[in-house]
1. Sticking with the crude label model, points 7 Å out along Cα→Cβ, report the distance from GLU654 to GLU632 in nm, one decimal please.
2. Take ALA58 and TYR260, extend 7 Å from each Cα along the Cα→Cβ direction, and tell me the distance between the two endpoints in nm.
3. Once the Cα atoms of helix 211-238 and of the chain are each reduced to a long axis, what angle between those two axes, in degrees from 0 to 90 to the nearest 10, is obtained?
4. Per residue, how big is the convex hull of segment 348-402 when only Cα atoms are used? Give it in Å³.
5. Which angle from 0 to 90°, rounded to the nearest 10, does the C-alpha axis of helix 266-293 make with the longest principal axis of the chain?
6. Provide the packing ranking of 78-90, 95-107, i.e. peptides ordered by the mean count of other C-beta atoms within 10 Å per residue, highest first.
7. What is the set of long-range amide H partners of GLU373 at a cut-off below 5 Å, with H atoms built 1.01 Å from backbone N?
8. From the Cα gyration tensor of segment 369-528, with a ≥ b ≥ c the square roots of its eigenvalues, which class applies: rounded if a/c is under 1.5, or else prolate if a/b is larger than b/c, or else oblate?
Amino acid sequence: MSLAQDMAAVPERAESTTAKPNPAWTLLRRILVQPKGAVGLTLVVLYLVLAVIGPALAPQDAFRQNFAQTLRPPSAAHWFGTDQLGRDVFSRILIGARATLGIGVGGVTVAFLIGVPLGILAAWRRGWIEAVLMRAIDVMLSFPDIVFALAVVAILGANTQNVIIAVGVVSIPVFARTARAVTLSVLAEPYIEGSVALGASPARVIMRHVLPNISGTLLTLSTLLFASTLLSASGLGFLGLGTQPPFPEWGTMLGDSRSYIRSHPYLATFPGLFLAVSALAFNLLGDALRTIYDPTSRRAARRLPMLNFLRRRTAASAPPAAGLAAAPAGPDAPVVAVEGLHLAFRTGEGLLEVVRGVDLTICAGRTLAIVGESGSGKSTLLRAIGTLANPQEVAITAGTVAIGGEPALGLPAAAVRDLRRRKIGIVFQDAASALNPVLTVGAQLAEAVRAGSRLGPQAVRQRCIALLRDVNIADPERRLEMYPHQFSGGMKQRIVIAIALAQNPELLLADEPTSALDVTIQQQILVLLREIQRKRGMAILLVTHDLNLVARFADDVAVMYAGRLVESGAIATVLEQPLHPYTQALRASAPGAGEGRGQPLRSIPGEPPLVGQLPSGCAFRPRCPRSANRAECAAQEPPERMVASRQVACVFAEEALS
């Protein structure tokens, strides 16, 4: 049966009938779950309401002068007192909110409408246009903001409209430089090149692809710049170059009060307080938006509500539950014991399960390799075992993890750090990014050695030298003073391994440690890991795509698909005669698995299922050659069971034995 016929025989996946949440409500919810976002948004809304209905709320005429009531302190008749002309300060603050906030909004709008197109133009055209625009912007940035605004107001004249223009022009360089930077990043994406290749006009590419991708960053920047624009405008008002009398504006009110600052401080206190709180409100809101839209922030928009944080603190301080009790220690106890582990990504729409009921154990002195296609959940599982899963992004919904007989889940932050230091070492995929480029190798090794110890400087140095010798780096005394860029890729990976071994861990986690290295260096690194394992007796959990590497260096293998282990056991058992069709397909697609010379490599038909969109029954069913016309495969997900000395999650595993 062809793949098309096989797929046609499979019932279509049930489509979700639930309506997608409104993006505006999703954004609002993501702001409100952050304390700073909730406070900032509340204050901003209050200020905007004040700007709209402030004149209606004013208890007195803000323009009426009463020389019999000049410079009166706050009282029941005048809540904020009166100024030097007998005018009610509270009423003037309420009416001045519209002018003050209007100047801020107008200035940001002017800067946005001019600066963003200039930045996009510079990124799109490049060449001499970019050079001219960027040099002009650099010249503008060389002047202090207030000086530049003063020059603009001096040329145009002192009034509210010219103040808006002045503070807007001052902020143009910030918008232009930011828009250029984020646009360059978007233009480097392959889908932009594809759109251009399909004949899309520049205007369509910018409107369709560029602006939607940079809008979050620009929105955040607008909110943050509003506060600085507001303060710049108030500075001009303080100097008498802002909104002209008799119209009130908070900066102008501060300027009028400077002659009475010692005798009547309340004249400056209340306008200054309103001005400071408004700047704080927009800064808090802007910081919350940056947390959501910043692509490099691992905490972006996924913070849990404050009540959930308090619940986690309470749970952490409570006695461990029965399911988290420490595993029994002993000479035969496994270094790693994972039971029924379920992991899910936190999204705006809810939880998306990515690891589904994993059970595994690793004993001292043995290497377990987890293999599978990209997206199967291997690295997520490894990070959870290593206590590195960010709880703001990944939820552990069920199961237990024990490292060296100690529970690794539900611990306070200090206990988690102590467990990592004493029992876990980690070797990451990219050694170059795992090392700090501005610190010497010796400084980074010493930091790992000193963690949790009270060794003196000489003892720390000797320990660092011994670690470099353990990973076969020659002349370690001299190498300690060198920087990462002075080492090759393989040497950097050896240094990362040395750092991971600094605390004599019981478990070493290796997430594709050789994928960035050439074949010869791969062999050397893996031989090194085996030698260190024999000397120290530690367990190794290896995540990789390379079955040939697994066959040579691992003791046990676990094959992972769609978040589950579908087959696991000893290397000789699983790879010699795989029983699960996915394991068979992986082995058949590995280079050297039996294809003739000059023949193309085999591939696995179909695509892995998307997270949260698994088919009914067995997740591998749409790609499985055994599942055709078999209702058992679609009825339920097959449980793991022991077949021929290995665990297999397949109803028809015995067919591979015949």
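The values are calculated or read from the model by the stated rules, or taken from the named source; none is laboratory data. Nothing here was measured: the structure is a model prediction, and the numbers come from that model. As a convention, Cβ positions derive from the backbone with ideal geometry for all residues, glycine included, and neighbour counts pool all protein chains shown. Accessible surface areas use protein heavy atoms only, side chains included; no ligands, DNA or RNA. Shrake-Rupley method; radii C 1.70, N 1.55, O 1.52, S 1.80 Å.
1. Result for the modelled spin labels: 0.8 nm.
2. If labels sit at ALA58 and TYR260, their model points lie 1.7 nm apart.
3. It works out to around 30 degrees.
4. That works out to 98 Å³ per residue.
5. That helix lies at roughly 30 degrees to the long axis.
6. Descending mean neighbour count gives 95-107, 78-90.
7. Distant-sequence amide H within range of GLU373: zero hits.
8. oblate
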